[in-house]
Amino acid sequence: MALLKRINEKAKAYLSSGFGVNTNSYGGRFVNKNGTANVEKRGMNLLHRISWYHTMIEMPAWKFMLILLTFYVCINFVFATIYFVIGIEHLNGIDSSGSEWVKFGQTYFFSAQTFTTVGYGHISPSGFLASTVSALEALIGLLSFAIATGLFFGRFSKPVAFLKFSHNAIIAPYKDMTALMIRLTPFKNTNLTDAEAKITVGISVEEDGLMKNKFYSLDLELDKINALTLSWTLVHPITEDSPLYQFTKEDFETINGEILVFIKTFDDMFSNTVAIRTSYTFDEVEYGAKFHPMYSRNDANTKTILHLDKLNHFERVAL
């Protein structure tokens, strides 16, 4: 408790964090590891609180492809059922000598040809009702493929900060003191320049007999770099003005706190600024550790090799 009071008096908190201050109203971490806010929105129906475009753009590629495939299979199944109910005699070219399953399969493939506007010509609709349904399906198919094409373009053209963060933050020796260190690195063949970093720590402290979330901006040894081509270790020297001053290993294990990391950088491929964020709860901080080097020169001394698999490698050290 004395430590929490010392934090409250020593470090200067600020209120522009964008997160709640009442610990009783806040559950879990502030930011998920992937950078999304750990917030669930309620009180409004799903169609109003969900942006389907953003959802489709942000979801993993395998899930995106699975949804498109499922939609394609299901909508053709619906139209095949409609054609089957109307009667296969209104679809010229269908072999009516097979079983009902074979007939339905033929209507399904006719639906797929109509939906994609391929139209091989083997089967064609006859009669007003069948022709109306096929015309409607062709229209829906055109609109669906236009939407799918837009989503594909949006996913491929969206500027993304291709950066990976170390799994853990560490407390490491730094000059004649200790420092909080977090490492990040670009992992794709992108050119990132003018990178800027900000770190905020949120700690539950006692104020007027109540536990509140207090947020403190952590000063960095270097908060801007001209080019982000190798690994970048964010270093916060733990001086007397730091809210982490005199924190012990036990403090990180018992105090409820979270370290929020915000990165902005310029991607010259898209000529746009990209941003990414992540967080580390105090139990994800390794006390008494040192990162291993991530890059080295090649045997011919002509290139620098960035070892992406060493991003999370560290060793224990005494503090």
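The values are calculated or read from the model by the stated rules, or taken from the named source; none is laboratory data. The structure displayed is predicted, hence computed values, not measured ones. Counting neighbours? That spans all protein chains shown, and the Cβs are built from the backbone with ideal geometry, glycine included. Just the protein is used for accessible areas: all its heavy atoms, side chains included, with ligands, DNA and RNA removed. Shrake-Rupley method; radii C 1.70, N 1.55, O 1.52, S 1.80 Å.
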- Task: Please work out which residue is farthest from the chain's Cα centre (by Cα), limiting yourself to the stretch 181-215 and to residues that are of a type in the set (Ser, Thr, Tyr), farther than 20 Å from Arg29 by Cβ and modelled with pLDDT of 90 or more.
- Result: Thr193
- Of all residues in the stretch 37-92 being hydrophobic (A, V, I, L, M, F, W, C) and assigned to a loop (DSSP other than H, G, I, E, B), the one that is modelled with the highest pLDDT: Met59
- Has the stretch 220-228 got any residue that is in contact (Cβ under 8 Å) with a residue 24 or more places away in the chain and open to solvent by less than 10 Å² (accessible area, probe 1.4 Å)? yes
- Item | Residues (open to solvent by 10 Å² or more (accessible area, probe 1.4 Å) and under 14 Å from Pro186 (Cα atoms)) located in the stretch 270-282 | Ala275, Ile276, Arg277
- Message: Return the pair list, or none, for Cβ contacts closer than 8 Å from residues in the stretch 288-314 that are over 25 Å from Phe247 (Cβ atoms) and without any contact (Cβ under 8 Å) to a residue 40 or more places away in the chain to residues that are surrounded by 14 or more Cβ atoms within 10 Å (Cβ to Cβ) and of a type in the set (Phe, Trp, Tyr), at least 6 apart or on different chains.
- Response: Ile305/Tyr295; His307/Tyr295
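Select, from Ile94, Ile82, Ile88, the only residue that is over 16 Å from Leu143 (Cα atoms), touching a helix residue (DSSP H, G or I) at 6+ places or on another chain (Cβ under 7 Å) and open to solvent by 40 Å² or more (accessible area, probe 1.4 Å). Explain how you work it out, then say what you get.
Numbers: Ile94 fails: open to solvent by 40 Å² or more (accessible area, probe 1.4 Å); Ile88 fails: open to solvent by 40 Å² or more (accessible area, probe 1.4 Å).
After ruling out the rest, the residue left standing is Ile82.
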- Got a sec? Which of Glu221, Glu240, Glu253 is assigned to a loop (DSSP other than H, G, I, E, B), charged (D, E, K, R) and out of contact with any strand residue (DSSP E or B) (no Cβ under 8 Å at 6 or more places or on another chain)? Glu240
- Message: So in the stretch 68-79, with the set limited to residues that are surrounded by 14 or more Cβ atoms within 10 Å (Cβ to Cβ) and not aromatic (Phe, Trp, Tyr), which one is farthest from Leu139 (Cα to Cα)?
- Response: Leu68
- Query: Only one of these conditions is not met by Thr302: (1) hydroxyl-bearing (Ser, Thr, Tyr); (2) over 30 Å from Glu206 (Cα atoms); (3) assigned to a strand (DSSP E or B). Which number is it?
  - Reply: (3)
- Determine, yes or no, whether Ala130 is of a type in the set (Gly, Ala, Ser) and either under 30 Å from Ile259 (Cα atoms) or at pLDDT 95 or above (or both). no
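From the set of residues in the stretch 174-195 that are farther than 20 Å from Leu230 by Cα and in contact with a strand residue (DSSP E or B) (Cβ under 7 Å, 6 or more places away or on another chain), which is surrounded by the fewest Cβ atoms within 10 Å (Cβ to Cβ)?
It comes out as Met177.
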- Message: Can you list residue pairs whose Cβ atoms sit under 7 Å apart, with the first residue in the stretch 132-148 being closer than 24 Å to Trp52 by Cα and the second being open to solvent by 30 Å² or more (accessible area, probe 1.4 Å) and assigned to a helix (DSSP H, G or I)? Count only pairs 6 or more apart in sequence or on different chains.
- Response: Ala148/Leu68
- Could you tell me whether the stretch 267-284 includes any residue that is part of a loop (DSSP other than H, G, I, E, B), in contact with a strand residue (DSSP E or B) (Cβ under 7 Å, 6 or more places away or on another chain) and farther than 27 Å from Lys175 by Cα? yes
- Task: Could you tell me whether the stretch 205-212 includes any residue that is of a type outside the set (Val, Ile, Thr) and open to solvent by less than 40 Å² (accessible area, probe 1.4 Å)?
- Result: no
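Answer yes or no: is there a residue in the stretch 149-169 that is small (Gly, Ala, Ser) and open to solvent by 50 Å² or more (accessible area, probe 1.4 Å).
No, the stretch 149-169 contains no residue that is small (Gly, Ala, Ser) and open to solvent by 50 Å² or more (accessible area, probe 1.4 Å).
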- Residues of the stretch 115-131 being assigned to a helix (DSSP H, G or I) and either touching a residue at least 40 places away in the same chain (Cβ under 8 Å) or open to solvent by less than 60 Å² (accessible area, probe 1.4 Å) (or both), which ones? Phe115, Leu129, Ala130, Ser131
- Query: If you scan the stretch 97-114, which residues turn out to be hydroxyl-bearing (Ser, Thr, Tyr) and open to solvent by less than 30 Å² (accessible area, probe 1.4 Å)?
  - Reply: Thr107, Ser111, Thr114
- Message: List pairs: first residue in the stretch 267-285 and under 17 Å from Gly35 (Cα atoms) and acidic (Asp, Glu), second residue in a strand (DSSP E or B) and at pLDDT below 95 anywhere in the structure, Cβ distance under 8 angstrom, at least six positions apart or on different chains.
- Response: none
- Query: Quick one: Ala179 ticks every box in (1) touching a Leu at 6+ places or on another chain (Cβ under 8 Å); (2) under 22 Å from Leu260 (Cβ atoms) bar one, so which box is it?
  - Reply: (1)
